[in-house]
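The values are calculated or read from the model by the stated rules, or taken from the named source; none is laboratory data. These numbers come from a predicted model, not from an experiment. A quick note on method: Cβ atoms are made from the backbone with ideal geometry, for glycine too, and the neighbour counts reach across all protein chains shown. Side chains are part of the model used for accessible areas, which takes the heavy atoms of the whole protein and leaves out ligands, DNA and RNA. Shrake-Rupley method; radii C 1.70, N 1.55, O 1.52, S 1.80 Å.
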Amino acid sequence: MRVTHKKSSKKANVLVQHIKDNLKSYLLVAMILLIGIVLGVLFVNNLQEQQSQEVQSYVDEFVISLQNGTSIDTGKLLRNSIKNNLILVLVMWFAGSTVIGIPIVLGVIWYRGFCLGYTISALIAILGVGKGSLFFATAILLQNLIIIPCMLALAVSGIRLYKSIVKDKRKENIKGKIMKHTMFSVMMLIFLMIASFLETYLSSNLFMLCIQFF
């Protein structure tokens, strides 16, 4: 038990030290994510009436179809989730491995924030605060508790690599830094695969249990 506790404490200390060492980068990417969320909310609030009705019709049809007995295709959901997360990691890994790719990495963070803000705002606008919050909490929140930190960590890893390349342009050192970035990206991919299974088998079931309240 003591050995396990020591290992857990060591891992926690390494994580805390990593965040401290890269605090400015984490604050930057977190701010970009927040800006994306705010803009997503503002975008929904400024939708034209026709666009708003189209979004409402889509959500209403989706909810009604599930209430009428339509089941969620978990196989398709899992495949799509894994594919999307794999593409996400590949894009952020590749962009983060190039000096000119950092704007792309930050753009991905912003876009994810925009989609999140748009989704939350649209659900609340259409279903109301209570039902909209319940929809978000059961169908979207859980996997994003893993996905968002992984995205931020991937972005910071890319920024860290960029800074290392700028400071030290020796090829042998650059290769080592890229390898570390690659291994870190693989580790984040593993966490994102867990998020895919969480989304498919936990979030979807929670959502189906609560669909009667919509």
Sum of -39500 (n - 2.57) over DSSP H runs of 4+, divided by residues of the chain (222 nm, nearest 500)
-29500 deg cm²/dmol
Most mobile listed residue (Val44, Val55, Val16) in the chain, GNM with C-alpha springs under 10 Å:
Val16
In terms of solvent-accessible area of protein heavy atoms at a 1.4 angstrom probe, what is the ranking of Tyr26, Tyr111, highest value first?
Tyr111, Tyr26
Based on the alpha carbon coordinates of the stretch 51-135, what radius of gyration and maximum Cα-Cα distance (Dmax) apply, in Å?
16.9, 52
Quick check of the Kirkwood formula: for the stretch 77-121, what is the inverse mean of 1/r over all pairs of different Cα atoms, in Å?
11.5
Sites removed, the longest contiguous part of the chain containing no DSSP-loop trypsin sites (Lys or Arg not before Pro) with at most 16 other Cβ within 10 Å is 1-168
Can you sort Phe214, Phe43, Phe94 by solvent-accessible area, 1.4 Å probe, largest first?
Phe94, Phe43, Phe214
With springs only between Cα atoms under 10 Å apart, run a GNM on the chain and tell me which of Ile64, Ile194, Ile104 wobbles the most.
Ile64
Of the DSSP H helices in the chain, those whose Cα atoms cover at least 30 Å axially and whose Kyte score averages -0.5 or more
23-45, 74-96, 102-136, 142-167, 171-198
Radius of gyration and Dmax for the stretch 85-181's Cα atoms, expressed in Å?
17.3, 57
Tell me the accessible surface of Tyr162 in square angstrom (1.4 angstrom probe, heavy atoms of protein chains only), to the nearest ten.
90
To check my understanding: the extent here is largest minus smallest coordinate of the Cα atoms along each principal axis. What are those three numbers for the chain, in Å, largest first?
61, 49, 28
Once a ≥ b ≥ c are taken as the square roots of the eigenvalues of the Cα gyration tensor of the stretch 26-99, is the result rounded (a/c under 1.5), prolate (a/b larger than b/c) or oblate (a/b not larger than b/c)?
oblate
Per residue, how much accessible surface does the stretch 1-157 expose to a 1.4 Å probe? Answer in Å², no decimals.
61
At a Cα cut-off below 20 Å, give the aspartates and glutamates reachable from Lys83, other chains included and same-chain residues fewer than 8 away excluded.
Asp73, Glu199
Placing +1 at every Lys and Arg Cβ and -1 at every Asp and Glu Cβ, with all other atoms neutral, what dipole size does the stretch 91-214 have around its Cα centre, in debye to the nearest 20?
700
Contour minus Cα-Cα distance for Met31 and Lys180 (0.36 nm per residue):
51.1 nm
